[in-house]
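Undergrad: Just passing along the structure, written as structure tokens.
No lab work stands behind these numbers, since they all come straight from the coordinates. What you see is a predicted model; the values in this text were computed from it and never measured. Methodologically, a virtual Cβ is constructed for each residue, glycine included, from the backbone with ideal geometry; neighbour enumeration extends over all protein chains shown.
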């Protein structure tokens, strides 16, 4: 693919290269509640991008002379990547819900809410991407932009169009982003615009199969890119189409993504369209679409019974705080769902959400959880509703991995997992201002003026926990210095 | 001052230079509801930084040959600053509430709420700034950082310490930021920590006078920096101190800044401390501190009567959405206050708020207004509660100017106003990727990888209104290319 050719370092289709050792500080979620800091640690990654060892008290000599022989590696032949003091490795972010096709509309939503937003802003743009040149520009920008923000895995909605959806899969593969790519199924003639819908349930299924076939042809093992069955949401689909997609899931085992209980008008609409189902989530259950491989976006207005059903089926939730605030959908109750044993990850939900950044989604999840708390009476539930920094960063990584069924493969630095990671650097506010301007990282003067160091100012007296909180709240893509997927360097700031 | 010497372009204490003409697109708030776009316009700024003409259909030749002679300027001697297509001038942002002394703590707040946050995080840091070297680092970083985000005017809280407060005033003057600098008065022995408070009401007043004297000595006309009377908030002040500060306001005419009705526990505390006052706002009124020159931060929990009192006194409100969400304070009702004729601006409220950016404050004000709407029953009030892009940007500029009594001087591009402005540039996603990489502004490839173009991707089909919405939602300091205060260039990205 031509997309990758702009930079030899981004030759993601090429081999990941030989064995490597990354040495420095690694930060990841040990549990949902607590990050773990691994200082002076070596993470040994083989040529296929798999982590084969995680060693404490590691430096280059020990790595080459002691650990490599133990792994059966030639220590002289191993590339050692040691990072500067203060930088740290963090798992790549996982975006569990993002409409790549809506990327050009980020920030553009006026005062709309879900149903008018779809008709006013969204369907016209999505429809226009049947123009493949336009689709190429949009999807390339979206994939590059999200990689630059450290997103190593995305669950994408494309459009109804088969060729454009396949192009998105090709672009993810070329640029090296792990992705689920879904062709959007929407065949309900009364609910979808005439200019933008599948012609029939049969057409919806056939087009979905075409996209699955394409991905199977370009990435046979779904090693990087996987198809995902994508009924847009219950109101846009006929019962026939949803039954057919449920059968397709049983046939292929492929994951499913859709939306649930985002907005009260939408919930009422679903009730009127599917009067025989007990709830919005039950509509999917009644069509064989509520499974452990199902990702449900939003879940703002789940009832108790609905949450119990989601939990019983093992379906997952993608929490999209930016979108839920922007479209006045509501404030999703993360803690409440966690306490019902529901797995949750984060979604940017562009362009209902404005930001390409999962770091911003984590930041907004923290703030929105406090709006949930504001609505509760004084007491332990109110206090519990608030998410911590560690919990928000869990949602952004391991939480998302669980939602997408990747918990064995990505989201942390553990033996057997693949190396999907980002290198994070923060700017030091140095003592000497003149000195500060000389620093590669910036110091203050140069940092702000040259524009590379970002907005996180570290004064030197912060604990690691405080530095990470500063990154969560003021970090951006400038702090993400390098990004790897399966051990391949797929983004680097220069 | 040494702070400015790092860059000759930042010689803010020097003369602003000769007459200048800025030519391009200017965007500002015509009304609270609507931005105005002035294309192909020339803004003529004299050597003192005052706008003397705003001319449509302006280009360099016409500026020099036609307009300059009319102004009595030598057209050959005028510097013409024309900007590239797609860039635009916007008024500098106005931060109506920011604790410069808390800057190192941005993002660090845990699960705390106001009163425990003060004791756990805030008082220890503020107290430590009596070390002037530490204060210099913190204040220099804060002023530079906020200038880089386009903030041309800040209403600062410093600390209790006189020398450190005076240093902040010096730094603002040296770096060229328009500022109100307040020494924090807090003398209530039962409410303030022993290690960080004024010894008595008399000491509080005397220290405040020392800071006023200092600013009068370094900027006699308060042309750039002004003192501001700063009782921290009612719980931290004795009645005697507040009466003395009220008298000081009547004597000097200086503005006042404090906090009101931020958090429910705080409101209850004020009620218990001042049982004879009818409300929190009434406490200030009863001490002569509720005036047209008073800036009240937060106002999340104002009662109807309190809002009526604030309106009747002409006092102003600083809305601080980031802080109010982070500290679980509540969601302030901007529309509700506007409908009571109360003037409102935006505050970053660092470090209750995490971000140095008023653009982010405007973005969060938009989102928080939707959380206000979520809490209202269906109907016109719910719909009205949502702020538009234009309204959020009004709050960030003209709204803030009114709050600080600067509405005749800054906040728009009008004859007689001073040129406090920022030049905004967005990144084009160019058709040809190779071409894109060559572009100075970035295009996609170079933009993302070089890190200078920021996160706003413009595809070329957007209206101006949509481009401005994109800037509001994904813009950051990378889009603020240059910043001027009183016609002086005080920040430039390179």
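Undergrad: Based on the Kirkwood radius over alpha-carbon pairs, what is the Stokes-Einstein translational diffusion coefficient of region A:201-286 at 20 °C with 1.002 mPa s viscosity, in µm²/s?
TA: Working: Rh = 13.9 Å.
Here the translational diffusion coefficient equals 155 µm²/s.
Undergrad: Mean separation of Cα pairs under 8 Å and 6+ residues apart, divided by the residue count of region A:83-151: what relative contact order is that in percent? All intermediate terms of the calculation are to be shown ahead of the outcome.
TA: On the way: 30 pairs, mean separation 32.7, N = 69.
In percent, rounded to a whole number, it is 47.
Undergrad: To continue, here is another question. Would you mind putting A:347-359, A:296-308 in packing order, based on average other-beta-carbon counts within 10 Å, highest first?
TA: On the way: A:347-359: 29.5, A:296-308: 21.1.
Packing order, densest peptide first, comes out as A:347-359, A:296-308.
Undergrad: Once the label point is placed 7 Å from Cα along Cβ, list for residue B:48 the distances to the corresponding points in the other copies, in nm, shortest first.
TA: 7.7
Undergrad: Average partner chain C-beta neighbours within 10 Å, per residue of B:352-362? Present the calculation step by step, with values, prior to reporting the outcome.
TA: On the way: counts 0, 1, 9, 4, 3, 2, 0, 0, 2, 0, 0.
Partner-chain Cβ atoms within 10 Å, mean over residues of B:352-362: 2.
Undergrad: Which whole-number value in Å³ per residue fits the convex hull of the alpha carbons of region A:242-304?
TA: Working: hull volume 4.7 nm³, N = 63.
Each residue corresponds to 74 Å³ of Cα convex hull volume.
Undergrad: Please report, for the Cα atoms of region A:299-352, the Rg to one decimal and the Dmax as a whole number; what are they, in angstrom?
TA: Looking at region A:299-352, its Cα Rg and Dmax stand at 11.1, 31 Å.
Undergrad: For residue B:383, go 7 angstrom from Cα along the Cα-to-Cβ vector, then report the distances to that same point in the other copies in nm, smallest first.
TA: For residue B:383, the other copies' label points sit at 4.3 nm, shortest first.
Undergrad: Order of B:58, B:172, A:192 from fewest to most other C-beta atoms within 10 Å?
TA: Details: B:58 25, B:172 32, A:192 20.
So the residues, fewest neighbours to most, are A:192, B:58, B:172.
Undergrad: Another question, if that's okay. For peptide A:329-341, how many partner chain Cβ atoms fall within 10 Å of a residue's Cβ, on average? Please report the intermediate quantities before stating the final value.
TA: Values: counts 2, 3, 4, 0, 0, 0, 0, 0, 0, 0, 0, 0, 0.
Mean partner-chain Cβ count within 10 Å for A:329-341: 1.
Undergrad: A further question on this structure: Sort largest first and round to whole Å: the equivalent ellipsoid semi-axes of region B:37-88, each the square root of five times a Cα gyration tensor eigenvalue.
TA: Working: eigenvalues 65, 30, 22 Å².
Working through the eigenvalues yields semi-axes of 18, 12, 10 Å.
Undergrad: Next up: In peptide A:370-378, how many Cβ atoms from other protein chains are near each Cβ within 10 Å, on average? Could the numbers behind the result be given before it?
TA: Values: counts 10, 11, 2, 3, 10, 4, 0, 0, 2.
So the per-residue partner count for this stretch is 5.
Undergrad: Oh, and also: Report, for residue A:221, each distance to the same residue's label point in the other copies, shortest first and in nm; define the point 7 Å along Cα→Cβ.
TA: 7.5
Undergrad: I need the P(r) histogram for region A:320-375: all alpha carbon pairs, bin width 10 Å from 0 out to the longest distance, whole percents.
TA: Reading upward from the zero bin: 26, 56, 18.
Undergrad: Sticking with this one: Taking each pair of distinct Cα atoms in the protein assembly as shown once, what is the resulting Kirkwood hydrodynamic radius in Å?
TA: Values: mean 1/r = 0.0344 Å⁻¹.
Computed over Cα pairs of the protein assembly as shown, the Kirkwood hydrodynamic radius comes out at 29.1 Å.
Undergrad: Rg to Rh ratio, chain B, alpha-carbon atoms and Kirkwood radius?
TA: On the way: Rg = 22.5 Å, Rh = 23.1 Å.
Radius of gyration relative to Kirkwood radius: 0.98.
Undergrad: Separate question: Output the direction-averaged projected area (hull surface divided by four) of the convex hull of the alpha-carbon atoms of region A:287-416, in nm². Walk me through the numbers before you get to the answer.
TA: Details: hull surface 34.1 nm².
Answer in nm², one decimal: 8.5.
Undergrad: Ok, one more. Calculated FRET efficiency, residue B:341 and residue A:134, Cβ-Cβ r, R0 51 Å, to nearest 0.05?
TA: Efficiency computed from Cβ-Cβ geometry: 0.60.
Undergrad: Now a separate question. If all Cα-Cα distances of region B:55-131 are sorted into 5 Å bins from 0 onward, what percent lands in each bin, rounded to whole numbers?
TA: Reading upward from the zero bin: 3, 11, 14, 11, 8, 6, 5, 6, 7, 9, 10, 8, 2.
Undergrad: Short version: what are the Cα gyration tensor semi-axes of region A:84-210, square root of 5 times each eigenvalue, largest first, in whole Å?
TA: On the way: eigenvalues 164, 62, 31 Å².
They are 29, 18, 12 Å, listed from largest to smallest.
Undergrad: Let me ask you something else. Based only on Cα atoms, what Rg/Rh ratio does region A:347-410 have, Rh being taken as Kirkwood's radius? Mind showing how you got there, number by number?
TA: Numbers: Rg = 13.4 Å, Rh = 12.8 Å.
Reported Rg/Rh (Cα atoms, Kirkwood Rh): 1.05.
Undergrad: Hey, could you grab the Kirkwood Rh for region B:224-265? Inverse mean 1/r over distinct alpha carbon pairs, Å, one decimal.
TA: Working: mean 1/r = 0.0886 Å⁻¹.
About 11.3 Å, per the Kirkwood formula over Cα pairs.
Undergrad: Based on Cα positions only, what radius of gyration and what Dmax would you give for region A:82-125, in angstroms?
TA: In Å, with Rg to one decimal and Dmax whole: 17.7, 51.
Undergrad: Let me ask you something else. Compute the orientation-averaged projected area for region A:147-187 from the convex hull of its Cα atoms and round it to one decimal in nm². Working shown, then result.
TA: Numbers: hull surface 11.2 nm².
For region A:147-187, the mean projected area of the Cα convex hull comes to 2.8 nm².
Undergrad: Any chance you could check the Cα centroid distance between region A:89-145 and region A:270-308 for me, in angstrom?
TA: 25 Å
Undergrad: Among the DSSP beta bridges whose two residues both lie in the protein assembly as shown, what percent are antiparallel, rounded to the nearest 5?
TA: Numbers: 52 of 124 bridges.
In the protein assembly as shown, approximately 40 percent of DSSP beta bridges are antiparallel ones.
Undergrad: Point me to the residue of chain B whose C-beta lies closest to the B-onto-A rotation axis, rounding the distance to whole angstrom.
TA: Spelled out as residue then distance in Å, it is B:371, 3.
Undergrad: OK, next. For region A:236-357, take N as its residue count and report Rg(C-alpha) divided by 2.2 N^0.38 Å. List each step's numbers first, then the result.
TA: Values: Rg = 13.8 Å, N = 122, 2.2 N^0.38 = 13.7 Å.
With N residues counted in region A:236-357, Rg over 2.2 N^0.38 Å equals 1.01.
Undergrad: Quick one: what do you get for region B:148-240 if you divide its Cα Rg by 2.2 N^0.38 Å?
TA: Details: Rg = 13.6 Å, N = 93, 2.2 N^0.38 = 12.3 Å.
Cα Rg divided by the expected 2.2 N^0.38 Å: 1.11.
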